[in-house]
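Below: the structure, in structure tokens.
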Amino acid sequence: MADSIYKIIELVGTSPTSWEEAAKNAVELAGQSLRDLRIAEIGQMDMKVENGKVTAYRTRVKLSFKYGSD
């Protein structure tokens, strides 16, 4: 069995409703073009504020996926 190598990328997901949805959006969109996603780690969350109101939630996600083939 060969050793596995994983690559880690950082993404920022956005959502008008929640930090959880923002993270989910980032992972699911990445999953459309990346194979073998493994771990998603939440690093930071923030909100976009306009005219005193929250207009978007943003979540920074570190996502690992298997690099190369077995």
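Each reported figure results from applying straightforward, stated rules to the coordinates on display, with no laboratory input. These numbers come from a predicted model, not from an experiment. Note that each Cβ is placed from the backbone with ideal geometry, even for glycine, and that neighbours are counted across all protein chains shown.
Computed quantities for the displayed model
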read-out	value
Under 23 Å, Cα to Cα: Lys pairs in the chain, sequence gap 8 or more or different chains	8
3J(HN,Hα) from dihedral phi, segment 48-56, Karplus parametrisation 6.51/-1.76/1.60, rounded to Hz, x for glycine, proline	8, 10, 10, 6, x, 10, 6, 10, 7
Loop sites in segment 16-70: trypsin sites (Lys or Arg not before Pro), DSSP, at most 16 other Cβ within 10 Å	35
Volume per residue of the C-alpha convex hull in the chain, rounded to whole Å³	72 Å³
Residue-wise HN-Hα coupling along segment 24-29, computed from phi with Karplus coefficients 6.51, -1.76, 1.60 (Hz; x: Gly, Pro)	4, 4, 5, 5, 5, 5
